[in-house]
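First comes the structure, then the notes that go with it.
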Amino acid sequence: MIKIEHLRKEYPNATPLKDVCVEINKDDVITIIGPSGTGKSTLIRCLNQLDPPTSGKVWVDGECITDKNCDISKIRRKMGMVFQSFNLFNHMTIIENIMAAPVDLLKKSSQQAYDDGMELLRTVGLAEKAFNYPDELSGGQKQRVAIARTLAMEPEIVLFDEPTSALDPEMVGEVEAVIRDLAKKGLTMMIVTHDMRFAREVSNRVFYMDEGGVYEDGTPQQIFDDPQKENTKRFIKRIKIFEKLITSRDFDFIKFNNDLDEFARKNLVPKKSLYRLRTVFEELCTQIIIPELEKDFVLSFQAEYSQKEETVTAAIRYSGKEFNPMDSGNFLSVSLAENASESICHSYSGEDEFTNTVTVKVK
Amino acid sequence: MKKTVALLLAAIMLVMAFAGCKTENETLLSEDSALSDFSNAKIGVVTGTVPAIILPDMLPDAEYIQYTSFTDAAIALESGKVDAFPVEEAVCWAMGWEGLYFDTTKEKIVPVEAGIVFGKGLNPKLQEEFNAFLKDYSESGKLAALHEKWISPTEPEDIIEYESITGSKGTIKVAISGVQKPFTYIKNGRFAGHDIDMISDFAREYDYTLEFHEVGFAAFISGVTTGNYDMGASGLVITEERKESLDFSDPYYSGGFVFAIPKSGNEAERTLEDFENATLGVIVGSIYDGYSREFFPNAAIDSYQTFADLFQCVKQGKIDGFLLDIPNLNAVKRTDPGLSHIEIPGCYVDIGYAFGKDDKGEKLQSQMNEFIAELKENGTYDVLFEKWCGEKEPVGALKAPEYPETNEKLKICLDVSRKPYVYLLENEFAGLEVEIMYLFCEKYGYAPEFESAQWTSGVAGLKEGKYDVVSCGIYITEERKESVNFCDPYISPDVVMVIYEGTEESDFFAGLAESFEKTFIREDRWKLIAQGVITTVVISFFSVLFGTAFGFGLYMLIRSRNKAVSNITKVIFKIYSKILAGTPILVILMILFYVIFGKTDISGAVVSVIAFTLLFGSFVCGHLAITVDSIDKGQIEAALALGYSRNQAFFRIVLPQALKIFMPTFIGETVGLIKGTSVVGYITVNDLTKMGDIIRSNTYEAFFPLIATAVIYFIITWIAADLLGIIAKKFDPKKRKPENILKGVAK
Amino acid sequence: MNIEKTQNAAELEIKVRGRLDTATAPQLEAELKESLSGIEKLILDFAELDYLSSAGLRVLLSAQKTMNKQGEMVVRGINETIAEIFEVTGFCDILTIE
């Protein structure tokens, strides 16, 4: 139904979409997830051209809507959009909000629009608020009205731009219920959301957006339970990374510790895990490995903390000849390191820059 | 509630304004006052006296307070409890003996004669005798001598020995009043007075023994009527009523009742020396500015805008005096007798008509010279002069004659603040120069087209060719001759120092009513005000209407998708609104009127509408942009997402919400514009403010016309704001009545 | 790291606050070198010690050796983690822990 070809969106300061190629089928309920700034909202806003793409083509039902001659207003009538900040028309009553577009654009009679509108309001459970004004409603109610307003135009696809992000937790449920209902009824939807649980529940397809495009595309089970690609995994598992490159024996140890403290604070690493990680670094790297290395060395220290699983792993990679720190005679350091870890594994590969790899699972 | 508070404030404002203002009592009571001047006064009358009886009929609107004696009435006058009291002339002289000095009106209320009274028909012989005596007494001059003795400022000292008058024919009992100076009164325990002297002489001559009996007035009348007393004497006034019950002798005294009024203030004559260090008023840049500085180098000079201001200030004492040509002063003095003047020897001005410095102007100049010489020769000028510059105000409007269509049009600028040369009489142009001009046009085949404007505008207009003549009793000076042609002066009146000698006291409310009458009723002046109101309202209305359309149009151009159109409009708008914001609207009006549209025929009113349309349009465009911008963009996006075009989204979603925010400021700016139009008088438009000014110049009243103008503006803006408020309500979607939402849809 | 010394005749108490690691161990070492002459009892208060690495352990070992000749050394106020370190590395046998 919708085909997106090499979609690119550039801003003066950033290019959130570098190259997006994807197809959307009828009855798809697609949730779009990913870290901030990766172009999730931009993607759907490029679809209905609220933000016109810098380059690329979009086809809707065989019609190229990125063409200059295309009457975008007409296309938009087939696509509905629900916004994070609801955007109801403040000077109209609720029912007027819903009736406005069908009467003005679809040329429905007022009576017809009214009846259909009231029906929609009933569906979303807000018929009694028909003659209130938007500022009299709660956030969840406003969003439900916004959804009804979009549905009044009988769109073929509805785009949701973080529909529950601006809501208090108590109200998230009522909006999600409506969306779930629509999915059941077979409405084609694209939903940008941060709510993984909901995404998993309601969609048949998940787009993980990263690095300027649809980084990974799969079923909810695929994406959430078994992500294939690195970034996806990290995102799903909410992995936080601390990475440092050391190239000299006189590296700034104090700064390193401060940065490590900062990382731990920001990502809520538990105290004990931090202690042990620090121990792993100090004993293995500072005390054992670095003194062993030749003058021109590189050492990469990478720690990963998974907020989801609450585990810390460290990967120490360094150049030079094969050397396993656990084999060094440094009893003190080794025992301390061992005490702080679940497992320490060393491997050597002559081909990489980092010939030695020590993987530590911190307790 | 709000309206009540507003009304209350308006009332307080009025009262406070008046409390501070000294209203003129136009009828200042003085020796020269006419009886009618007392029509609203508080008059103290002595019960039973002739004036007490007849005055209420003569002056029914006056307030009368009864006193039992003239002394009481006199004391009341001294303390200000009454404005005046009627008193017989002779009696009034005598009051001076007691130290009560008053001025009296020259005009008599009623002439009276005094006679001796006898009981009706009771003693005809005695009457005859007395009348004979009186004839002799009078012919011999003794009566006159007696008058001179007793009707004088000083009290006679000699004592009459009346007790020793005895006669053989019997005793005559003479009733007298003890308190009727100078006729009969008690002095040091004895009786004295004119009548005492006279009757003593009678008794002596006709051989009677004299017995004076001092009685109160009521007893006096009844006593004589019943015959208890043979005669009664106390300077009793002969009246028909009294004649019914009493017989009078022939009259022995002729006098009359006059009004006694408070003695006027400082009578000292002022001279020019008094003005050495005084404060003088002048009109900025006028010929008197120079004269005043020349003649009174040490005086302080205060500058004012109009003659009306100068008159007002000299009355209030803000200035000690100002220079003016005497005909102007005399014309104003007719209604303001408190004004006076001091002569300035050797100071005079030349007055004439002003013409343009071109061929036409020269032609007019020589024609006018010819014409005036003719008028003076055949005496017409003197007739006209007498009419306009005489003692009395001419009655009735000056009707403009009909001129044939073919006559050449003559554009004449009149400054109507110069009585008696040019002014408004019953809303028509009138004055010496106007009538001369009518006649001039008749003779030389012109058709005059008058336009009322300030003389400065007129002179500027002469240069531009806007006017052919400026007529306003304009002073001919060498400096002015450089830019205009003058006819030879037709009058060279003396210049005098105008001063004020009246008092300011008056009854506040009477003064209020009078001011109202002068401002509105007299000469149907309310019509002028109505015209002014219409002008102000029309200019304001069209300025707001066109300004709104213009501003809205500009805004839509700025919004245009076409970059070129949008950018050009933005630049134009920025420049022109910056200019308007930084320049006073008055200056803009004058530039438009005198410079840009100077050579055209466009009227001041049209120029005003243009100027205010530009001004208002600037506001509308700018403010509309701000309010539209303030509408959250998300709603526009939602509209677009639904399939609305940009324009549809603007008109359906953004504009209704923007207008709601826009309206309050719009109403405020409209009110500001209405008030702002008050300066259009400077470009010859007769709006409400200008009309108030014109009335001020004619009535020489300051406060009432001004306060009235302010109140009318207040009312106009109030109505405008209310009307716009009703419209504004229509723009507030939330204020819609529930029934009106979704009309026609079954719910 | 913060070192607080309290001397009572021949008794010296040193309170260590903060981390005792590769960067800060030399500071303690220097301090001890300076202050230990004539001391018969050295008390190390580790109540506010946040972190101890092998570098720190080495300094402790050296201090213990020195005090063995002069008198005695006592370590007190250690927390669970530090105790664990002493266990695992065998230092609990070397040091006198209160």
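The values are calculated or read from the model by the stated rules, or taken from the named source; none is laboratory data. Computed from a predicted model, the values in this text were never measured in an experiment. Here the Cβ positions follow ideal geometry from the backbone for every residue, glycine too, while neighbour counts run over all protein chains shown.
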Of the residues B:325, B:302, B:274, only one is more than 28 Å from residue B:181 (Cα to Cα), of a type in the set (D, E, K, R) and crowded, with 20+ Cβ neighbours inside 10 Å; which? B:325
Any strands (runs of 3 or more DSSP E) falling wholly within segment B:23-122 and containing at least 1 residues that are under 29 Å from residue B:224 (Cα atoms) and without any contact (Cβ under 8 Å) to a residue 60 or more places away in the chain: B:42-46, B:63-67
Residue satisfying all of: in segment B:597-610; in a helix (DSSP H, G or I) and free of Cβ contacts under 8 Å to residues at least 60 places away in the same chain; farthest from the other protein chains (Cβ to nearest Cβ) among these: B:606
Matching residues in segment B:627-674 (assigned to a helix (DSSP H, G or I), β-branched (Val, Ile, Thr) and more than 30 Å from residue B:689 (Cα to Cα)) number 6
Checking the structure you have, find out if any residue of segment A:46-54 is away from every other protein chain (no Cβ under 14 Å) and under 24 Å from residue A:163 (Cβ atoms). yes
Single match in A:254, A:246, A:241 (criterion: exposed (fewer than 15 other Cβ atoms within 10 Å of the Cβ), hydrophobic (A, V, I, L, M, F, W, C) and within 14 Å of chain C (Cβ to nearest Cβ)): A:254
Scanning segment A:350-363 for residues that are more than 33 Å from the chain's Cα centre (by Cα) and at pLDDT below 80 gives A:350, A:351
The conditions are (1) out of contact with any Leu (no Cβ under 6 Å at 6 or more places or on another chain); (2) closer than 23 Å to residue A:179 by Cα; (3) facing chain B (nearest Cβ under 7 Å), and residue A:102 fails exactly one of them. Which is it? (3)
Test result for residue A:291, exposed (fewer than 15 other Cβ atoms within 10 Å of the Cβ) and within 14 Å of chain C (Cβ to nearest Cβ): yes
For residue B:579: the one exception among (1) free of Cβ contacts under 8 Å to residues at least 12 places away in the same chain; (2) crowded, with 22+ Cβ neighbours inside 10 Å: (2)
Got a sec? Which helices (runs of 4 or more DSSP H) wholly within segment B:141-238 have at least 3 residues that are in contact with a Phe, Trp or Tyr (Cβ under 9 Å, 6 or more places away or on another chain), farther than 22 Å from residue B:92 by Cα and modelled with pLDDT of 85 or more? B:194-206
Matching residues in segment A:105-149 - criterion: being under 18 Å from residue A:174 (Cα atoms), within 12 Å of chain B (Cβ to nearest Cβ) and among the charged types (D, E, K, R): A:136, A:142, A:149
Just the residues that are among the basic types (Lys, Arg) and under 51 Å from the mean Cα position of the chain (by Cα), please, taken from segment B:174-217. B:181, B:187
Residue pairs meeting the criteria (Cβ under 7 Å; at least 6 apart or on separate chains; first facing chain C (nearest Cβ under 8 Å) and under 14 Å from residue A:278 (Cα atoms), in segment A:328-339; second buried (at least 22 other Cβ atoms within 10 Å of the Cβ) and charged (D, E, K, R)): A:333/A:283; A:336/A:283
If we keep only residues of segment A:52-85 that are within 28 Å of residue A:138 (Cα to Cα) and of a type in the set (A, V, I, L, M, F, W, C), then the residue modelled with the lowest pLDDT is A:79
Name the pairs: first residue in segment C:68-91 and of a type in the set (Ser, Thr, Tyr), second residue surrounded by 13 or more Cβ atoms within 10 Å (Cβ to Cβ), Cβ to Cβ under 7 Å, at least 6 apart or on different chains? C:81/A:275; C:89/A:332; C:89/A:335; C:89/A:336; C:89/C:57
Output the residue which, of all residues in segment B:300-355 that are in a strand (DSSP E or B) and among the charged types (D, E, K, R), is nearest to the chain's Cα centre (by Cα). B:325
Being touching a helix residue (DSSP H, G or I) at 6+ places or on another chain (Cβ under 9 Å), in a helix (DSSP H, G or I) and crowded, with 23+ Cβ neighbours inside 10 Å narrows B:624, B:614 down to just B:624
In this structure, is residue B:560 closer than 17 Å to residue B:678 by Cβ, assigned by TED's automatic domain parsing to the domain that holds residue B:629 and of a type in the set (Ser, Thr, Tyr)? no
Identify all residues within segment B:122-134 that are of a type outside the set (A, V, I, L, M) and farther than 19 Å from residue B:237 by Cα; write none if there are none. B:123, B:124, B:125, B:128, B:129, B:133
Of A:232, A:279, A:247, A:286, which residue is more than 32 Å from the chain's Cα centre (by Cα) and farther than 20 Å from residue C:25 by Cα? A:247
Right, residue B:249: polar (S, T, N, Q) and crowded, with 16+ Cβ neighbours inside 10 Å or not? yes
Filtering segment A:61-98 for residues that are in a loop (DSSP other than H, G, I, E, B), more than 7 Å from every other protein chain (Cβ to nearest Cβ) and either under 28 Å from the mean Cα position of the chain (by Cα) or at positive phi (or both) leaves a count of 7
Checked against (1) within 24 Å of residue A:164 (Cα to Cα); (2) in contact with a Lys or Arg (Cβ under 8 Å, 6 or more places away or on another chain), residue A:132 satisfies every condition except (2)
Among the numbered criteria (1) touching a residue at least 12 places away in the same chain (Cβ under 8 Å); (2) within 14 Å of another protein chain (Cβ to nearest Cβ); (3) assigned to a helix (DSSP H, G or I), which single criterion is violated by residue A:235? (2)
What's the total number of residues in segment A:318-348 that are under 35 Å from the mean Cα position of the chain (by Cα) and either farther than 23 Å from residue C:89 by Cα or surrounded by fewer than 16 Cβ atoms within 10 Å (Cβ to Cβ) (or both)? 5
Answer with yes or no whether residue A:51 is assigned by TED's automatic domain parsing to the domain that holds residue A:159, in contact (Cβ under 8 Å) with a residue 40 or more places away in the chain and assigned to a loop (DSSP other than H, G, I, E, B). yes
